[in-house]
Amino acid sequence: MKGALLRLLFLVLVLAAIGRAQVWRVDTGTPVTLAAGALLLCGLFAGKVAKGLGLPRLTGYLLVGVAVGPYALGFIPSAGVKGLELVKGLAVSLIALVAGTELQWGLIRRVGAKVAALCVAVCGATFLAVFAALFALKPVLPFLTPMTVGQALAVSALVSTVVVSFSPTVTIAIVQETSARGSFTEFLMALVIIGDLVVMVAFAVAAGLTRASFGGGLDVAGLLSGVGWELFGSVVVGCLLAVVMLVYMRRVKRELPLFLVGLCFVSAEGGARLHLSPLLVSLAAGALIANLDEREGERIHHAIQVAGLPIFALFFAAAGAGLKLDALLTVGPAALLLVALRGVAIYGSCRRFAPAEDPRLGRYLWMGLISQAGVTFGLAALISRTFPDFGPQVEVLIVAMITAHELIGPVLTRRALQRSGEVHS
């Protein structure tokens, strides 16, 4: 760890020197190139330092990104961080592909009904707690104050659906890092995945109602077709990708890590333009492969472990650099109140409704549900674009909450897996 820490400090000094050189020179390189190289190297060494301190590598990636990013020390330009958006889709697709290989029919048959029931309880309790708090804060939240009661109710419901969301990306990354295996880990992964599916459907409904409350009209047919296309279209495209992967693995049998990275990049970029979910596309592909041929699913799992480390390090370091610390300062009190309420609601509903046959679920499952990341960012940005009158202020509030959740969530997830006794590395 000492060597990694010294190298990390050296890299930060080099970044500081480059930042200073920009005062004297204009041609210091493109911001994206600087951001990618710096965040990748710093992330890798910060991950080793975090591991030496008993923290998740992911926490190291995030913290070093925050430190050198445009909202703290400012060594990485904001234009460079925005230019790394393409890594986001690739990383989410690779992580979801691994998660899909864990969703075998036997697992779904064993825990599917229990996961669905607990998911409804946790999401429902969290939604009600956040919804009540937001509406009660109407006199002090600038974007709610000028609205009518009906509009404030609709907007509070819209924001609450986003706040409910979990983070399959963070959860699966921690499971990968710790090599956790067992019934507790399976239940947690299934819950965060199903939870985000529920959130996406609820968000579409809440957005339609909010649009209607501001005089836009409620287009039920368009709402249902949009949700249906994103969900079922993503599954169909994922199944087609699974067929392509199986044919390649059985006939070519070479350079599988490189092939998977390329295919996931194409599917993520193409899916985004077709209004599909990269998470669902890769999830469906991995699940179909694992259920058709378990051995090929294990090969995919191993190949992504080989190829994924630099991609995940860059992705999470860039996510840390993109966390807007000034947003946390602007709406800090309201955001921290909602963070606390969300945590209490998740804790209470898990303690009350988790299946009694496994006591670990009631004690530790809530820790794995605190993180928020990609899906939450995406929905917050969508609110900002769809409702330009109040959306940007809502986005600031949600991003402030994500900042707090990202800093504490990975640590809690790792602790939950450790206390469950299913961590193997």
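Of all segments of the chain bounded by GluC sites (Glu not before Pro) found in a DSSP loop with no more than 16 other C-beta atoms within 10 Å, the longest spans 1-254. Sequence-ordered 3J(HN,Hα) estimates for the range 129-138 from the Karplus curve with 6.51, -1.76 and 1.60 and θ = phi - 60° stand at 5, 5, 4, 4, 5, 4, 5, 5, 8, 3 Hz, glycine and proline given as x.
Site pair Leu382 and Ser183 shows an inter-label distance of 3.6 nm when each label is modelled 7 Å from Cα along Cα→Cβ. Relative to a virtual label point 7 Å from the Cα of Asp293 in the Cα→beta-carbon direction, which members of the range 76-105 show backbone nitrogen distances below 16 Å? Residues passing the 16 Å test: 101.
Across the range 328-425 the C-alpha pair distances fall into 5 Å bins from zero in the proportions 2, 13, 18, 19, 16, 12, 9, 6, 3, 1 percent. Please say if the range 279-396 is rounded, prolate or oblate, where rounded means a/c under 1.5 for a ≥ b ≥ c the square roots of the C-alpha gyration tensor eigenvalues, and otherwise the choice is prolate for a/b larger than b/c and oblate otherwise? Oblate shape, in that a/c is at least 1.5 and b/c is the bigger or equal ratio. Using the empirical formula 2.2 N^0.38 Å as the baseline, the Cα radius of gyration of the chain reaches a ratio of 0.97.
With a simple spin-label model that places each label point 7 Å from the Cα along the Cα-to-Cβ direction, the separation between Arg251 and Ala113 comes to 4.3 nm.
Near Val411, once Lys and Arg are set to +1 and Asp and Glu to -1 for all other residues with Cβ below 14 Å from its Cβ, the sum equals +3. Each of Ala79, Pro139, Leu118 was scored by the projection of its Cα onto the charge dipole of the range 72-150, and the greatest displacement toward the positive side belongs to Leu118; charges sit on the C-beta of Lys, Arg, Asp and Glu.
Expressed as a whole percent, the accessible area of the range 254-343 that falls on carbon and sulfur atoms is 68 (1.4 Å probe). Comparing mean-square fluctuations of Phe316, Phe203, Phe143 from a GNM of the chain with C-alpha springs under 10 Å, the top value falls on Phe143. Using only side-chain charges placed at the Cβ, +1 for Lys and Arg and -1 for Asp and Glu, the dipole size of the chain relative to its Cα centre rounds to 860 debye. Here the label points at Leu337 and Leu209, each 7 Å from Cα along the C-beta direction, are separated by 2.2 nm in the simple model.
Could you work out the relative contact order of the chain, using alpha carbon pairs under 8 angstrom and six or more residues apart, expressed as a whole percent? Can you show the working numbers first?
On the way: 621 pairs, mean separation 113.9, N = 425.
Across the chain, relative contact order equals 27 percent.
Going by a ≥ b ≥ c, the root eigenvalues of the Cα gyration tensor, does the range 237-338 fall in the rounded group (a/c under 1.5), the prolate group (a/b larger than b/c) or the oblate group? Note, shape of the range 237-338 comes out prolate.
Seen from Gly43, the other residues with C-beta closer than 13 Å to its C-beta sum to a net charge of +4, counting Lys and Arg as +1 and Asp and Glu as -1. Solvent-accessible area per residue in the chain equals 43 Å², computed with a 1.4 angstrom probe and all protein chains kept. Under 14 Å from a label point set 7 Å out along the Cα-to-Cβ vector of Asp389, the amide N atoms of the range 150-183 belong to 150-156.
When the Cα centres of the range 383-425 and the range 272-331 are compared, how far apart do they sit, in Å? For the range 383-425 versus the range 272-331, the Cα centre distance is 16 Å.
The values are calculated or read from the model by the stated rules, or taken from the named source; none is laboratory data. Model, not experiment: these values are computed from the prediction. In this analysis, Cβ positions are derived from the backbone assuming ideal geometry, glycine residues included, and neighbour counts consider all displayed protein chains. Please note that ligands, DNA and RNA were not included when accessible areas were found on the heavy atoms of the full protein model with its side chains. Shrake-Rupley method; radii C 1.70, N 1.55, O 1.52, S 1.80 Å.
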